[in-house]
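Step one of this worksheet: look at the structure below.
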Amino acid sequence: GDVDAIMNTQCAEPQYHFYGSGTGDFGPKGGVAVRAFYSNIFALGYNKLCYVADRFVVADRALFHEGQMHIVFPGPALQAMGLPVDDLARNYVFSYRQAAVFHYDANGVCTGEDTYSDGPLTPERLRKLTPAEEATLPRGR
């Protein structure tokens, strides 16, 4: 993944607010933390997403969207996050409802996001991909 390309869309100190784990806001704050957030996603290999958006709302300085998010996690990524997996060689999908507001300045630079989900990543919410589903995944990072 190209973390530099993502960071080039961000202001110097973006503020991310993530809600849905039951512990309050746990999003990264500031350029260093946001870069580390994306670097971790790419390093652990869970940058394969499918977002089925139900609606988008666009304003001068914001973009709102909501829908169903599906994230594919390699077994080792889940293990590194402290979640038990029965087969490290397989991929697992976490599906959840999400709504997010992306904030922009007058120049169209992202200043942060507020993301809300229907609950945290837990072992009960993971499903092992079938071999047919595995075959459709893009290769590489």
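The values are calculated or read from the model by the stated rules, or taken from the named source; none is laboratory data. Predicted model, so just to flag it, every value in this text is computed and none were measured. Glycine also receives a Cβ, built like all others from the backbone with ideal geometry; neighbour counts cover every protein chain displayed. For accessibility, only protein heavy atoms count, side chains too; no ligands or nucleic acids. Shrake-Rupley method; radii C 1.70, N 1.55, O 1.52, S 1.80 Å.
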Modelled label reach - Gln68, point 7 Å along Cα→Cβ, region 109-132 residues with backbone N closer than 17 Å: 117-119, 125-130
query: Which percent of the accessible area of the chain is formed by carbon and sulfur heavy atoms (probe 1.4 angstrom)?
result: 58 percent
- prompt: What is the distance, in nm, between label points placed 7 Å from the Cα along the Cα-to-Cβ direction at Thr23 and at Ser95?
  reply: 2.6 nm
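For region 1-80, take the convex hull of the Cα atoms, compute a quarter of its surface area, and give me that in nm², please.
6.5 nm²
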Residue-by-residue Karplus 3J(HN,Hα) for region 46-57, coefficients 6.51, -1.76, 1.60, Hz, glycine and proline x: 9, 9, 9, 10, 9, 10, 9, 7, 8, 7, 10, 10
task: Mind giving me the nanometre distance, one decimal, between the label points for Leu49 and Arg139, set 7 Å out from Cα along Cα→Cβ?
output: 2.5 nm
field: Convex hull projection area averaged over all views, the chain, Cα basis, nm²
entry: 8.9 nm²
statement: Nearest 10, in degrees from 0 to 90: the angle of helix 31-44 to the longest Cα principal axis of the chain is 20 degrees
